[in-house]
Amino acid sequence: MDERFSGFGAFILYTITAGMMLFILAPLLLVMAVSVSDSYFVTFPPQGFTLKWYAKVLQDRDFLEAMRLSILLALGTTAGSLLFGVPAAFALVRGRFFGLAAIKGFLLSPLIFPALVTGLALLQVLTKLGSQDARLNLLIGHVVVTSPYVIRTVVTSLQLVDENLEDAARTLGANRLTTFWRVTLPQIASGVAAGGLFAFMVSFDNYPVTMWLANSEYSPVPLVLMRQLVNVFDPSVPAMSTIIILMAMVGVLLLEKLVGLRRALAA
Amino acid sequence: MRSSEVRLDRLSKEYNRTVAVDDVSLTIEPGHMVALLGPSGCGKTTCLRMIAGLIRPTSGDVFVNDRRMTGVPVHRRNVGMLFQNYALFPHLTVEENIAFGLEMRGISKADAARKVGEALNLVQLSSFGKRYPAQLSGGQQQRVALGRALVIEPAMLLLDEPLGALDKGLRESMQVELRALQRRLGLTTIMVTHDQDEALTMADKIVVMRDGKLEQVGSATEIYQRPASKFVAQFIGASNLFHGPVEQRNGSGAVIRVSPELSLQVDQIPQSASDVMVSIRPEAIVVERVGQSPAAQRANSVTARVDQAIYRGFVSHYYLKTQSGGQIIVFEQNQSQQAGLRYAVGEEVVARWESPSNHVIARH
């Protein structure tokens, strides 16, 4: 390690890495900086320091209501996509049936199709079906969009699980369900956790599908944020964004703490 | 531990019209250890997995003590199984691994703890209970797997290339140990292996398989000394195979003409045979210098040139070429004080053997 990363090569490498990090993080840092600006307009560099925009945001009924809805929606979506995605992944990896490849492609297709199109299609289908409840429609839409993430992470971690482990458990007296619960699931826990986190975050900040399925009564955070941005672009918008950024960071750190992020994403 | 009789009745398995196991019938006596031996793809593992219940046969049945097992799910069959890669649960300790099967059977914590202790003792790993599989060597891991399989007091033990991942020395000592334990417990055991030495070392009965079919079933001696087919003769040990017409009958035997310089005296030959294949094991052949040999022109004797000579410690291998170009392999045991090879490459020698060493192969 020391030998490989030293001297001029290391200098170049670290410079490029730092540059990339800055490139990726700069917009976020900018938003965070602006959110504490003591001015009525979004300006950079920020002027002075204040937390009043946070105070304003945390008293904003619309925003709090949207936060509550988004969190519940994201939790529901996570549960739904795990409930759907884990068995689907299991079937894709362990199954031997006709059309396996086609089904695999189909299940992962929402990753490829533009979410905007998926959202519109969902709206049409759900309207045809007479589903009026915006919350239910949002849940269905988000599960459709997030399941591929769960399927992908779980498929990759399942592929690494030795099938003999399951066979061994079964010869020892465990039925298929017990085998999955006691033997397979512990092996793929990191993949499941990563998939779940993806599902939560993708649901939480999804705009293109949410836009079609939400209504005036039930508007998740991204829509409220957008509305606010259009109406009054004061530092309360960056403050809201900062809260979301911090939430995402907590999620990532939690995953790292629980299963190790590297393992979860590599799996 | 009770012993079970295992019977396969016309067992077959097809995958998309390719036949993996083809109409296999076999009875395994209680307390016996049987080895399914064959090259990869011969159907031996599929057979074992059908006995375990992990694969559903296309047709045919498995009977255990005359009870038909078709339709009985794996987890109710009470089989102990060992896998080549051990298949220990990586997230559980050694103790928890062994306790798994007991837990599935609803055995109380106290009883389970006692049985786990006994099992650990049996496989000589008493001080390793709290460790995780990844902290153990391959041999230790397979011992844990053995303990885990035995603790449930299985009706039979199934071994799927159980020692294949261990290195030679450890593998050989584990073979002897496993065999001794199996004998002591009187546990009906079926193992799958492609390693003939393993089968010869461990099994009461060897079942040679090829292309999904049984090629020959018999004891180690029977399989080695009287191979039923050309395949068995070549797969188990090395063989010199000769082929030729019956030249002259004498009593129940005959003289077979292999080439102008080589004829074979065979003691037993079927009446109807006119063209036969004969196998001679390389260690049955004696090599002598020309002139030392009594008579070069008798049956079961031929002059040849040493083509290759290989010193391998306790044996030397000689590859001889006869005048008509036929090859003869000879294994000669070395004496403890012998100074290397007894014959040099290019040397003219006589190879001869006794007529009982000529084994007529029925199927070729």
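Coordinate-derived values only; no laboratory data. These numbers come from a predicted model, not from an experiment. With ideal geometry, Cβ positions are generated from the backbone for all residues, glycine too; neighbour counts draw on all protein chains shown.
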For this session: Can you check what the net charge comes to around B:D66, using other residues whose Cβ is under 9 Å from the Cβ of B:D66 (Lys, Arg +1; Asp, Glu -1)?
Result: +2
Problem set entry | Helical mean residue ellipticity (222 nm; -39500 (n - 2.57) per DSSP H run of 4+; nearest 500) of chain B | -7000 deg cm²/dmol
For this session: Calculate how steeply helix B:138-150 sits against the longest principal axis of the alpha-carbon atoms of chain B, using the helix alpha-carbon long axis, and give the answer as 0 to 90 degrees to the nearest 10.
Result: 60
Exercise. Whose amide H sits under 5 Å from the amide H of B:V192, counting only residues 5 or more places off or on another chain, with H placed in the peptide plane?
Worked result: B:L36, B:L159, B:D160, B:E161
For this session: Calculate the length of the line joining the C-alpha centroid of the stretch A:112-166 to that of the stretch B:292-364, in whole Å.
Result: 73
Problem set entry | Inter-chain Cβ neighbour average for residues B:75-84, partner chain, 10 Å | 4
For this session: Consider a paramagnetic label point 7 Å from the Cα of A:L72 along Cα→Cβ; state which residues of the stretch A:213-256 have an amide N under 12 Å from it.
Result: A:218-220
Exercise. In 10 Å bins starting at 0, how do the alpha-carbon pair distances of the protein assembly as shown split up by percent?
Worked result: 3, 12, 16, 16, 14, 13, 11, 7, 5, 3, 1, 0
For this session: Treat each spin label as a single point 7 Å out from the Cα along the C-beta direction, and report the B:Q271 to B:T70 distance in nm.
Result: 4.1
For this session: Relative to the longest principal axis of the C-alpha atoms of chain B, give the angle of the C-alpha long axis of helix B:168-185, reported between 0 and 90° and rounded to the nearest 10°.
Result: 60
For this session: Sticking with the crude label model, points 7 Å out along Cα→Cβ, report the distance from B:K109 to B:V290 in nm, one decimal please.
Result: 8.5
Exercise. Helix hunt in chain A: which complete DSSP H runs extend at least 20 Å axially by C-alpha with mean Kyte-Doolittle at least 1.6?
Worked result: A:7-34, A:236-259
For this session: At q = 0.27 Å⁻¹, what is the base-10 log of I(q)/I(0) for the stretch A:1-50 according to the Debye formula with one equal point scatterer per Cα and no solvent? Please give it to two decimals.
Result: -0.92
For this session: Classify the stretch A:1-156 as rounded, prolate or oblate from the Cα gyration tensor: take a ≥ b ≥ c as the square roots of its eigenvalues, call it rounded if a/c is under 1.5, otherwise prolate when a/b beats b/c and oblate if not.
Result: oblate
Problem set entry | Order by protection proxy (mean Cβ within 10 Å, highest first), peptides A:79-88, B:94-103 | B:94-103, A:79-88
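Per-residue mean of other chain beta-carbon atoms within 10 angstrom of the beta-carbon, peptide B:93-100?
1
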Exercise. Of the peptides B:329-339, A:6-16, how do they stack up when ordered by the mean number of other Cβ atoms within 10 Å, highest first?
Worked result: B:329-339, A:6-16
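Let a ≥ b ≥ c be the square roots of the eigenvalues of the Cα gyration tensor of chain B; is it rounded (a/c under 1.5), or, if not, prolate (a/b larger than b/c) or oblate?
Values: a/c = 3.18, a/b = 1.86, b/c = 1.70.
Prolate shape, in that a/c is at least 1.5 and a/b is the bigger ratio.
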Seminar exercise, completed: Amide H proximity to B:R210 below 5 Å, modelled H, separation 5+ or other chain, gives B:E215
Problem set entry | Shape box of the stretch A:59-142 [Cα atoms, principal axes, largest first, Å] | 54, 26, 22
Problem set entry | Nitroxide proxy distance, nm - points 7 Å out along Cα→Cβ at B:E153 and B:A362 | 4.2
Problem set entry | Helix-only CD estimate at 222 nm, as mean residue ellipticity for chain A, using -39500 (n - 2.57) per DSSP H run (n ≥ 4) | -24500 deg cm²/dmol
Problem set entry | Peptide ranges B:26-34, A:19-27 listed from the most packed, as the mean C-beta count within 10 angstrom indicates | B:26-34, A:19-27
Exercise. Using the Karplus equation 6.51 cos²θ - 1.76 cosθ + 1.60 (θ = phi - 60°), what ³J(HN,Hα) coupling, rounded to whole Hz, does each residue of the stretch B:259-270 give in order, writing x for Gly and Pro?
Worked result: 7, x, 9, 10, 10, 10, 9, 10, 7, 10, 8, x
Exercise. Where a Cα-Cα gap under 28 Å defines reach, which lysines qualify for B:K109, not counting those fewer than 8 residues away within the same chain?
Worked result: B:K130
Exercise. Separation of the stretch B:106-136 and the stretch B:165-218 by C-alpha centroid, Å?
Worked result: 26
Problem set entry | Per-residue mean of C-beta atoms belonging to partner chains within 10 Å, peptide B:146-154 | 1
For this session: Apply 1/(1 + (r/R0)^6) to the Cβ-Cβ distance of A:D38 and A:E65, taking R0 = 30 Å, and write down the FRET efficiency to the nearest 0.05.
Result: 0.65
Problem set entry | Degrees, to the nearest 10: B:109-122 long Cα axis against longest axis of chain B | 20
